[in-house]
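What follows is calculated from the coordinates using simple rules that are stated; it is not laboratory data. From a predicted model like this one, the values you see are computed outputs, not experimental measurements. Don't worry about glycine lacking a Cβ; one is built from the backbone with ideal geometry, like all the others, and counts go over all protein chains shown.
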């Protein structure tokens, strides 16, 4: 086995988000299926006020929900991610996601993406219902 001074090998097979590599100003993480991000449980969106965030679907299915609006979400878009394509959610854009149980998503973001610069906003009941309907339409 090679020493970690030459190469780091990391994996994440559990649920949810796990940072794996932090280097200077950037971080690489994996995110897998988690019960709290099923379409019927998505009731808020997050944005990052200081950085873009890149998502790459490695396996399974994932829908990125993108919210228009500054202080609140005024319109929701749903993007059915394709394997191995890069999806760069721009700085200041509301977003959330839902995963199939076999999904694995690679995330690249600034290392200083933290709670203080990543606020959440609640979704209305009709917006929560819209997330469920958008998922049904894309994952028939």
If I filter region 31-45 down to residues being touching a helix residue (DSSP H, G or I) at 6+ places or on another chain (Cβ under 8 Å) and surrounded by fewer than 19 Cβ atoms within 10 Å (Cβ to Cβ), which single residue comes out as nearest to residue 90 (Cα to Cα)?
43
Exactly one of (1) crowded, with 19+ Cβ neighbours inside 10 Å; (2) without any contact (Cβ under 8 Å) to a residue 60 or more places away in the chain; (3) touching a helix residue (DSSP H, G or I) at 6+ places or on another chain (Cβ under 8 Å) is unmet by residue 48. Its number?
(2)
Those strands (runs of 3 or more DSSP E) completely within region 63-140 that have 1 or more residues that are touching a residue at least 60 places away in the same chain (Cβ under 8 Å), under 17 Å from the mean Cα position of the chain (by Cα) and exposed (fewer than 13 other Cβ atoms within 10 Å of the Cβ) are 120-122
Going through (1) more than 21 Å from residue 132 (Cβ to Cβ); (2) touching a helix residue (DSSP H, G or I) at 6+ places or on another chain (Cβ under 6 Å); (3) crowded, with 17+ Cβ neighbours inside 10 Å one by one, residue 27 fails only at (2)
